[in-house]
1. Rounded if a/c is under 1.5, else prolate if a/b beats b/c, else oblate: with a ≥ b ≥ c from the C-alpha gyration tensor eigenvalues square-rooted, which is segment 70-161?
2. How much mean residue ellipticity at 222 nm does the chain get from its helices, if each DSSP H run of length 4 or more adds -39500 (n - 2.57) and you divide by all residues, to the nearest 500 deg cm²/dmol?
3. LEU55: net charge of surrounding residues, Cβ under 10 Å, Lys/Arg +1, Asp/Glu -1, itself excluded?
4. What FRET efficiency do you get for THR261 and MET221 if R0 is 56 Å and r is their Cβ-Cβ distance, rounded to the nearest 0.05?
5. Working out 0.36 nm times the residue gap between VAL398 and ALA177, then minus their Cα-Cα distance, what length gain in nm do you get to one decimal?
6. Considering Cα pairs under 8 angstrom that are at least six residues apart, work out the relative contact order of the chain and quote it in whole percent.
7. Please give me the summed charge of the neighbours of THR317: other residues whose Cβ is under 15 Å from its Cβ, Lys and Arg +1, Asp and Glu -1.
8. Using only the Cα atoms of segment 247-383, build the gyration tensor, take square roots of its eigenvalues as a ≥ b ≥ c, and label the shape rounded, prolate or oblate: rounded if a/c is under 1.5, else prolate if a/b is larger than b/c, else oblate.
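Computed from the coordinates by the stated procedures, all read-outs in this text should not be read as laboratory data. No experiment lies behind these values; they were computed from the predicted model shown. Every residue, glycine among them, receives a Cβ derived from its backbone with ideal geometry; neighbour counts consider all protein chains shown.
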Amino acid sequence: MADPSSPSTDATQGLDRSLVQGIAWTAVWRWLAQAISWLGTLYVARILTPGDYGLVAMATIPIGFARLIEDLGLDAIILQDRSLTQEELRRLAGAALGLGAGLTVLFLGLSIPISLYFREPQVAGIVCALSVTFILDSLQILPRALLQRDLQFRTLAWINGLQVSFAAAVMVVAAWAGLGFWSLVANTILSYALVTVVLYLHRPFAPAWPTEVRRLARALMSGWNILVSRMAYYGYSSADSTIIGRLLGKEALGVFGFASTFAALPVREVTSLVSGVVPGVFTAVQHDRPALRRYFFLLTEAISLLTLPAAFGLAVTADDFVLLALGEKWRGVIEPLRLMSLYMAIYSCQSLLGHVLLWTGHFSANMWLSLFALLVLPGCFYIGAQYDLTGVALAWIVGFPLALLPGIVIVKRILDISWSQYWVPYRPALTGCLCMAAAVAALRLVLPADWHHAWRLSIQACAGATVYIAVMWVAFGERIRALYQTVRDTRA
């Protein structure tokens with residue numbers, strides 16, 4: 001593997017600086033907002049019931065899938081094709097707005113059939129209310145994409161932070177006022193409305209009717225491939241919730257939703273930070289294979305070092321964490337959380353594969369790989385649901401690697417690396433996590449069961465962190481220093 005601290009050209013140093021600073025700004029604002037959000041979530045979880053969360057989850061499954069259609073792949077098109085004129089951008093934005101309005105009308109009509117599918121009449125009202133977000137979301141597409149193209153990471157970060165913080169505040173006030181599951185609907189609608197206004201003030205635009213489609217054909221073709229990929233991703237990533245809601249009911253769906261959310265938090269917080277700035281960097285070096293390999297290895301190793309210990313740690317300490325954070329009524333979350341945390345460890349190991357495919361122009365390959373996952377995973381979830389929530393979580397652990405394998409093969413060829421080289425960046429984190437998990441598991445055997453969960457969790461966390469850091473320092477100190485030097489050089 002290339003040393004991330006090896007000498008680089010001025011251009012590469014500039015990209016290093018943009019990458020690190022972009023991640024830093026995004027991290028500051030995002031984590032501040034997420035801290036506020038999770039404090040609100042923990043407060044509201046003690047007021048609402050699993051059924052409240054299950055009702056909203058049922059409504060958001062079809063709403064979320066349809067939302068993938070309204071952007072037409074516009075954000076990715078702008079990042080890749082900077083030759084689009086202002087008039088072409090206005091027409092693409094007009095097409096997105098028209099589609100957003102059409103989806104709002106469509107879901108007003110589909111609200112009752114959706115509620116009949118889930119056998120929950122209250123879902124109809126939730127779907128009607130959330131359908132307004134289609135129009136709001138379509139108005140955000142162009143200004144948000146332009147800010148990302150112009151590398152305005154700081155502006156995007158505080159706008160996203162504003163949305164999350166405002167949504168949390170609305171949710172807490174509404175739940176305290178006794179609105180029940182409507183508090184989970186109101187926070188979404190009002191936060192979308194606020195951010196739409198803020199984005200328009202930063203990048204005002206006037207949508208135009210999408211005429212002269214031939215001039216937009218190339219951009220729309222790329223967007224179509226991206227769109228199909230996103231729809232397939234949403235299909236297989238939400239298939240577990242759809243099947244649970246249908247076969248196991250709203251209570252089980254609410255429990256599994258919390259397990260999935262907590263398991264995903266430490267991993268997706270890190271991967272989403274990287275995903276916000278990686279497209280520009282990978283696009284810049286897509287024709288420079290050594291540089292592309294360097295960034296892939298560098299970011300993969302950094303992501304694994306941060307996410308794998310959190311995922312493994314949560315899997316080992318799930319019982320104490322759930323009982324401390326959520327209370328006894330959420331005990332059913334524990335076992336699904338253990339397994340979903342292990343799945344998220346697998347997920348973090350592939351978080352850059354899609355970026356390599358997209359930003360080197362392999363749109364068709366990315367689309368077919370997503371469709372393959374859509375073919376494989378829902379069947380796994382259906383079989384797993386026969387064995388309750390634990391079976392669905394196990395289906396992720398077994399089925400996801402099978403669906404992932406063809407993508408790994410293609411990315412290996414793009415980067416021109418061997419199987420042994422591909423696994424090198426994961427070795428430090430995996431080694432440290434296995435040692436950490438073994439140490440914490442042994443510690444749990446001697447910890448008194450009647451101790452307060454806060455004490456038990458704190459002791460396990462400190463012991464696990466100590467073991468992980470010790471392994472990194474003793475066995476992989478040179479690698480850690482190389483990564484640190486890379487970050488330090490960007491500040492020079």
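1. It comes out prolate by the Cα gyration axes.
2. -28000 deg cm²/dmol
3. Numbers: positive: LYS250; negative: ASP52, GLU120.
That works out to -1.
4. After rounding, the FRET efficiency stands at 0.95.
5. Full extension from VAL398 to ALA177 adds 75.2 nm.
6. On the way: 638 pairs, mean separation 98.2, N = 492.
Relative contact order, the chain: 20 percent.
7. On the way: positive: ARG331, ARG338, ARG444, ARG456; negative: ASP319, ASP320, GLU335.
Counting the neighbours of THR317, the net charge comes to +1.
8. Since a/c reaches 1.5 but b/c is at least a/b, the shape of segment 247-383 is classed as oblate.
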